[in-house]
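None of the figures in this text is laboratory data; all of them are computed from the coordinates on show. This one's a predicted model, so the numbers in the text were calculated from it and none came from an experiment. Here the Cβ is made from the backbone with ideal geometry for all residues, glycine too, and neighbour counts use every protein chain on show.
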Amino acid sequence: MTKPGQDSFLLFCKIVQVISESRGTVRKTDIFADYLSGLGNTSDIDRAVRFAGEGAFSSVSGKRASIGSRTVALCAAEFCNIDYDIVFKACRTATGSASETIEKLMDNIPEAREKRTPSALSLAQVEELFIQLEKERKRDAKQALLVRAWEQMTSTEIKYFIRVMGQGSLRIGFEAKSIINAVSKAFSSDTEAVRYAHMITGSLGEAAVLSFENRLHTATFKLFQPVAFMLASPIESRSVDHITDYIAEEKFDGMRCQIHAQGDTVMLYSRDLNEITNSFPEVVAFFKQKSLPGVVLDGELCVFTDNTIQPFQLLQKRMGVKKPSPKMTGEYPVVFIAYDILYNDDEPLFEKSLINRREILKSFCDTFGIMRSRQFEVKSREQVEDMFDRALAHGNEGLMLKHKQSTYEYGQRRKSWLKVKKPGGSIDTVIMYAHAGSGKRGGTYSDFTLGVSVSEDDRYEEEFIPIGKAYGGYTDVELKRLNKEMKKLIVDRFGPTYSLKPGIVVELEFDDIQVNKRTKAGYTLRFPRFKAIRWDLAPSDADTLMDVEQLYNKKLHDDRKPQSEHQSFIGI
């Protein structure tokens, strides 16, 4: 039975805040495990684990609180009686986080404090608020529900209420792997058994309940319930002793997708386990006409024309479009390319070796005429370089190296799958804001917002605008110097954030440039990281937004060699 007060949402928020401020994975795991062990019923365990690792609803539930970040921000501005454009947006830019901005406003604005009477809501009561938000369709009604919730919460509860509602990471340095370890420790369960239950149920909360009830052995796979994806590590972060233990395949310039199919029922799931079936009707139609036996395929969605994989930027035009028009599907036709099989003929295949799964995949795809990647034996590192260059010539991101004997290691980054990629490019930027780090970087400013120059761009009045945030790529010695030099450049401070005048130039490396109309620049960088701190450069040497636009357009129009049966795919 749950101890009195243990089921309060406030306690949950205090626990995750302590985790955020703690250093070391082991310490974070111990804190959450101790908290879970005090929850004495399955409902509260499910809620606590789900809130920490999945969001308001289970990843496989198909439910979302369905309230946009702008709606939340406008509601907060009205609640605090401040101007959204002049005050709220400036504060959000300074902190780098809408939820932290709202927390600080709730703390420091008298009108916001007077409206709130914290009432120690339970986890169950907060879950009910999420359920009401999910059911409500009108924006005004959703905002009224938000106000009603906030009136009963402390500022810390409000911050994490918003983050849980967002369905994803709480951004406390405590992700699924650590949550699984905490569940295992709290209920004295085998960690691998908890991880396996999470994979086949698709739900951290359900895996935690099975662990608590000592029923992990009853976890069973269900078709049309997405499975946690196997992840790859950058080859630079993992030493490889025997390269010949791996096979190679091209890393396609597309979007990861899991297909569940049986007869005329076909469902598509994205990497974050969201259903995306309606967004790609041509893929669904292709699989429906095959009348497949029950199967789960892991692979990639790509825009494919003239026997060539087209740039990811074109696929991006299809992403998020729930009902694409015939014109859109005609201009940007999408195909699915399989490279793994997880379930076939009423049998889960997760525990089979990659080699065995590939034999099954080859037979299945050849029988039903489904596109699949081709794999190549790896005989030397020099050969890997040659295959890497060929992949780039095709316009793909690089190579995947997969260990021949690896099982399907869901939700982890180990040495079994390695990605060999070339950076998409680099630009010189200036540090605009520095945000306090957490975990092992707690106490230092280690998260940075970087900007490009728009001083000669008639579209803007500012000198620099943000283009991305970076959290790594520097050494501890470089970070120490950065923190020292930043103190000379502080313009203002907003809680855990420094606003800096232009003075430090960073060469920022990234994987790709993506259109993002929600940002002032109109673009964001995919996986930005420090390449070098350019102490030798001045802010006037920084690249411009026009430079970013030119890089984007160049990638979009680069020549790509066609794929052929003998190079990348079988069955095209």
What is the spin-label model distance, in nm, from Arg23 to Lys115 if the labels are put 7 Å beyond Cα along the C-beta direction?
4.0 nm
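Across segment 383-487, how many lysine pairs, 8 or more apart or on two chains, come within less than 15 Å at their alpha-carbon atoms?
On the way: Lys402/Lys415; Lys402/Lys419; Lys402/Lys421; Lys404/Lys415; Lys404/Lys419; Lys440/Lys480.
For segment 383-487, the number of qualifying lysine pairs is 6.
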Using R₀ = 56 Å, calculate the FRET efficiency as 1/(1 + (r/R₀)^6) where r is the Cβ-Cβ separation of Glu347 and Ile490; round to 0.05.
0.35
Can you give the Rg to Rh ratio for segment 196-260, taking only C-alpha atoms and Rh from Kirkwood?
1.11
How about Lys185: which lysines have a C-alpha closer than 18 Å to its C-alpha, ignoring those fewer than 8 places off in the same chain?
Lys28, Lys177
Can you list the lysines whose alpha carbon sits under 28 Å from that of Lys288, skipping same-chain ones fewer than 8 residues off?
Lys63, Lys222, Lys251, Lys317, Lys322, Lys323, Lys327, Lys352, Lys362
Give the Debye-formula value of log10 I(q)/I(0) at each listed q (0.21, 0.27 Å⁻¹), with one equal scatterer per alpha carbon of segment 451-496, two decimals each.
-0.97, -1.05
Gain in span if fully extended, Asn81 to Arg171, counting 0.36 nm per residue against the direct Cα distance:
29.6 nm
In nm, to one decimal, how far is the Ala144 label point from the Asp366 one, both placed 7 Å along Cα→Cβ?
6.4 nm
How would you order 322-333, 502-513 from highest to lowest mean count of nearby Cβ atoms within 10 Å?
502-513, 322-333
Run the numbers for Asp34 and Ala393: contour at 0.36 nm per residue of separation, minus the present Cα-Cα distance, in nm.
124.0 nm
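In the P(r) worked out for segment 69-165, what percent of Cα pairs fall beyond 24 Å? Present the calculation step by step, with values, prior to reporting the outcome.
Numbers: 720 of 4656 pairs.
In whole percent, the long-distance tail amounts to 15.
How big is the convex hull of the Cα atoms of segment 500-557, per residue, in Å³?
In segment 500-557, the Cα convex hull volume per residue is 103 Å³.
Just in segment 203-257: which GluC sites (Glu not before Pro) are loop by DSSP and have at most 15 other Cβ atoms within 10 Å?
Values: sites: Glu206, Glu213, Glu236, Glu249, Glu250; in loops: Glu213.
Sparse-neighbourhood loop GluC sites (Glu not before Pro): Glu213.
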Report Rg/Rh for segment 1-102, rounded to two decimals, where Rg is the Cα radius of gyration and Rh the Kirkwood radius.
1.05
Can you tell me which lysines have their Cα less than 18 Å from the Cα of Lys159? Leave out same-chain residues fewer than eight positions away.
Lys14, Lys89, Lys104, Lys115, Lys142
State the answer as a single residue: which of Met199, Gln152, Cys257 lies farthest towards the positive end of the charge dipole of segment 109-261, with beta carbon charges of +1 for Lys and Arg and -1 for Asp and Glu, about the Cα centre.
Gln152
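Taking N as the number of residues in segment 209-330, what is its Cα Rg relative to 2.2 N^0.38 Å? Walk me through the numbers on the way to the answer.
Values: Rg = 17.8 Å, N = 122, 2.2 N^0.38 = 13.7 Å.
So the Cα radius of gyration is 1.30 times the expected 2.2 N^0.38 Å.
Quick one: if you take sqrt(5λ) for each eigenvalue of the C-alpha gyration tensor of segment 454-560, what semi-axes come out, biggest first, whole angstrom?
Numbers: eigenvalues 130, 62, 36 Å².
Taking √(5λ) for each eigenvalue gives 26, 18, 13 Å, largest first.
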So the FRET efficiency between Lys14 and Thr308, C-beta based with R0 = 35 Å and rounded to 0.05, is 0.05
When the Cα atoms of the chain are enclosed in a convex hull and the volume is divided per residue, what value in Å³ results?
164 Å³
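With N set to the residue count of segment 233-422, report its C-alpha Rg divided by 2.2 N^0.38 Å to two decimal places. Before the final figure, lay out each step's value.
Numbers: Rg = 16.6 Å, N = 190, 2.2 N^0.38 = 16.2 Å.
Relative to the 2.2 N^0.38 Å estimate, segment 233-422 comes out at 1.03.
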